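Asks: Next up is a structure, given as C-alpha cells.
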Amino acid sequence: MQGKTFFWRAVSMFGTQHAIKSASDPSTGVSTTSTSPATQSVSDACSALVSSSFSSPASSVLIAGAPAVEACYKLFEVTPADRRQQTDALKGYFNVYPYKDIITDSKAPFYEMHFDLFSALDAIAANNSITDEFTLEMTIVDTLARLQDGHVSYTPQCFNAFVFMQPFDLMPVYKDGKIEITVADLAADETAAGGSIYSKFWKEAFGARKPADFLGAKLVSLNDQDPTDFLQAFADKYNGIAHAPEARFNSLFPSYNWPKIDEPILSSFSVHGYPNTPIKYVFELEDKSIVNVTFEWVGILTPGHKPASFAAGAQSYYKDHCSTFAHKTATHHHFSTRRDKNLFAYHKSSSIKRDATDSSQGVANMAQPTHQDVNGAFFMLADGNTGVWMMSTFDPLDGSEAGLEKWVRNITTGLLSLEDQGAKRLIIDLSNNGGGFVCYGWGVLNYLFPNANLDHLHYTFRMTDKLADLLVSNNETADFMVGGETLDHKPITDYWNQIIEPGIQLPGFQQQYSNYFLNGCPKLTGLKPLKTGWQAKDILLVSNGVCGSTCAQVTTIMRNQLGVRAVTYGGGRVHAAPENRQPAFDPTSFAAGDVISFTDTLEFFDSKRGPQRIGDSPNENAESKLLPVKFKFPLKGGQMPFWTSMSTHSKYPNSPIEWIVDPSEFYLRDVLLNDPKTVWDGILRHKFFDEPFQPKAKHASFGVGRFASKHEPAVQVKAMGKLSEFFKTSPHNGMLAAVHRQGPK
C-alpha cells in the first residue's frame, strides 16, 4: 500500500440482530436455539465452547476442538440475497485487479492459469447449499487463494477468534534424490500453558506414548497419500502465496529469517486458519515400528478475544465481534498464522538427526553476526572470504524519520562490517522477505551499485471508464491512489492524459491498461560509501521462493540488469529427481507494484468525488460497471494489488514480472528449510561463486557493483535528521508521496 497513513472507518454493516440457526452442541448432543441478546442464560454451540472446553478466564486461554468451533461459527444464517451482495461487492473491487484478465488464460512460457474469478464468485452466489455465513466466507477465502497472489488478502471479521493447530511441525529432508517428511518439532511444549490440550484433545490419539516419542519420526503417509504429494496438494489449496508450487510447498514448513532466527517462522500446515478435515498420520518411529494416529484440528483462542465473548451465546458474540469493522488493518493472510507466544514454547534448534559429516547444527552453532538489528543481520562464513546479509524486510519497523535513519544506517554499517572482515563475496539471503517500501529497495540497490545506471521498473494498472473518471475528476484522490511520475519524470497529476489515453494492451489480452509510468523514487544520499563494494559476479541471491513484492522487484532488477545470479532450495516432488535433473525455480513470488486496501478503494470510488464522463468505451460491459460497495459482512482486513510492474530488461518486457517464469541459476540440494547454515555452507560446498558469469551487456562498462576510483566526500547524516537528508528528491517531485509500500502486512 502507499506510504501514507490509512484509517479504517468503523462502519456498522447491519443491525445487532442476526438470524441464528438451531444447532446441536457436538459435545453434548443437546439441541440449542437462539435467544434474545437480553436473555441472561443462553445455551447454544457458542456458549458450549466455554462450558465444554479447556479454558482459563484469568489467562484468556480457550482451547476447543475444531468441530465445536465450527458448530458455533455455522449458527449465522445467510440468504441468497446475502450471498449475492457479498460476491457482487467483491467483483466491484476486483474490476481494477491488474490480473483479472490474465488469470483467465495465462499460458506457457508464463505461469499457467485458467481461472475465471467472476464466474467462480457467481457460482458461490448461486450455490443454495451455502446457508451460513461461515461457509460463505470460507468458500470466498478458498476461491481467492486460487489466485496464487500474496498481495490478495481477505480476512473475515467474524471468524478469526481461533487459530487451529496440529500437534507437530513437519520438515522435508532432501537426501540422495529423495524427500522424506519427518517430525521436526512439537507444535506446543508440554510444560507451556497450552500443554493441557494434549490431555484433553489428543490423549486418545497418542495413547500410551508421549508426544516427544514422535520427534524425528518419518511419515509413511498422510490421509492415505504419499506425504509429499499430500502436502503439495494442501499447499496448492490453502497457501495461495505464489505462482511457483515450490514457494507454496516451502511455506508449509518452519523456516527462518531475521530476527526470528531462533524462533522459526511457523509452518502453515501445523498452524492454519480454517481447516475442515482431520489428518491421518502413519509414522515410522526410530525403532521401525509403525504407528497410525488421527488428529483433529484444535482451536486456540487468539489474542484480543476472551472466553467470555462466547459465554453469552451466539447472538452476543455476533454483536460484539461481527457487526463492525473492529480492526484497522489486515495483520495476516488466511494462509499464514502465527502462534501466541504466551501459549507455546519454541525450540531453538531442529530435532532432526543429521549425519556426523554434516557440520551444521542449526542456528545455535552459527557464528556471531558482525552486525545485527531487528530487520537484518550480517555474518562471515568459515571460509573467511564470504559474507552473508540476511535481509528480512524492506520495511523499517519504526516508520518515523528516526526509524528510517536507523534502518539505513544499520544496512550501511552491516555491509561495511563485512568489508572490514575481509568479505570478497556476498550472499544476500532473501528467504521469507515479504517486501516493504519500493523506494527503500531502490535506495539499497543504488547504494550497492552506485555507478550501474539502473533503470526503474515500469508500472501500469488496469483501466475502466469509471476509474478514468475518478482520476481526471479529482487530482488529490488520484495522487493518493497512483502517485509516481511519467516516463520523463514529470508528476503524473499534471499529465493524466499521458497516463490514461490511449493506454496499452498486454500481448494476448483485450483489456486496456494505463500507459507506463515510474514510481518516482529518489536516491539515497549522504551515506558513508563502501570501500570497494562487490561486483555482480561476486554476489549471489538466495531465496526459498517466498520473496515477495519489493523483494521480488529488487531481485528482478539485480538479475535482469546486472546479471546477479540466484540460488533456490527446497520444493516438493519434482525436486526429488536425481541431481543432474533437478530443476531450479523462480526465486520470487508476488511482484505487483502497489497494494491498496478494499476500504481505501471504496473511498476512492465514492460517486460524490466528481462528475462522470458521458458514454462508455466499447470494451466496457455490465460486469465491468460493477463498482466497489460496502460488504454485507465486514472484514478484519482485505487488500489487493493495484499496479503491476514490468521490467523492460526481461525476456518479456511487455508482461508483468509476477507472471514471468525466470528460474534461478542454481538449485541447492540436501538442506534443511529451517537451518540457514545448511544453505550457506551448501553454496560454498558446490562452488556456485566459481561458475561462469555472464554480465548483462547494458551495464558491462559501468563497473557494476564497484564505486569509481574517485568518491565524493562521505557526508555523515546527523542523528534525528530529516528524510531529505537520505533521499535526494527529483526536481519535478519534491515530496515523498510516491513511496509505496509492498508486502502482505
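The values are calculated or read from the model by the stated rules, or taken from the named source; none is laboratory data. In this text the structure is predicted, and so the values were computed from the model without any measurement. Quick reminder, even Gly has a Cβ in these numbers, built from the backbone with ideal geometry, and neighbours come from all protein chains shown. Ligands, DNA and RNA are stripped out before the accessible areas are found, and what is left, the full protein with its side chains, is counted by its heavy atoms. Shrake-Rupley method; radii C 1.70, N 1.55, O 1.52, S 1.80 Å.
Asks: Being modelled with pLDDT of 65 or more and assigned to a loop (DSSP other than H, G, I, E, B) narrows it down to one residue among Gln361, Gln368; which is it?
Replies: Only one candidate qualifies: Gln368.
Asks: Scan the range 679-695 for residues that are open to solvent by 10 Å² or more (accessible area, probe 1.4 Å) and modelled with pLDDT of 90 or more and jot them down.
Replies: Within the range 679-695, Asp681, Leu684, Arg685, His686, Lys687, Phe688, Phe689, Asp690, Glu691, Pro692, Phe693 qualify.
Asks: Looking at Ala212, Ala187, Ala208, Ala192, which one is among the aliphatic types (A, V, I, L, M), touching a strand residue (DSSP E or B) at 6+ places or on another chain (Cβ under 8 Å), surrounded by fewer than 17 Cβ atoms within 10 Å (Cβ to Cβ) and modelled with pLDDT under 85?
Replies: The unique qualifying residue is Ala212.
Asks: Could you name every one of the helices (runs of 4 or more DSSP H) located completely within the range 66-139 that has at least 3 residues being buried (at least 21 other Cβ atoms within 10 Å of the Cβ) and in contact (Cβ under 8 Å) with a residue 24 or more places away in the chain?
Replies: The qualifying helices (runs of 4 or more DSSP H) are 66-73, 80-94.
Asks: Here's a follow-up. Would you check if there is a residue in the range 598-611 being open to solvent by less than 10 Å² (accessible area, probe 1.4 Å) and modelled with pLDDT of 90 or more?
Replies: yes
Asks: Here is a check on your reading of the model: is Gly304 assigned to a strand (DSSP E or B), within 23 Å of Tyr154 (Cα to Cα) and either modelled with pLDDT of 75 or more or among the hydrophobic types (A, V, I, L, M, F, W, C) (or both)?
Replies: Taking the combined requirement at face value, the residue does not satisfy it.
Asks: Quick check on the range 674-686. Is at least one of its residues in contact with a helix residue (DSSP H, G or I) (Cβ under 9 Å, 6 or more places away or on another chain) and not in a helix (DSSP H, G or I)?
Replies: yes
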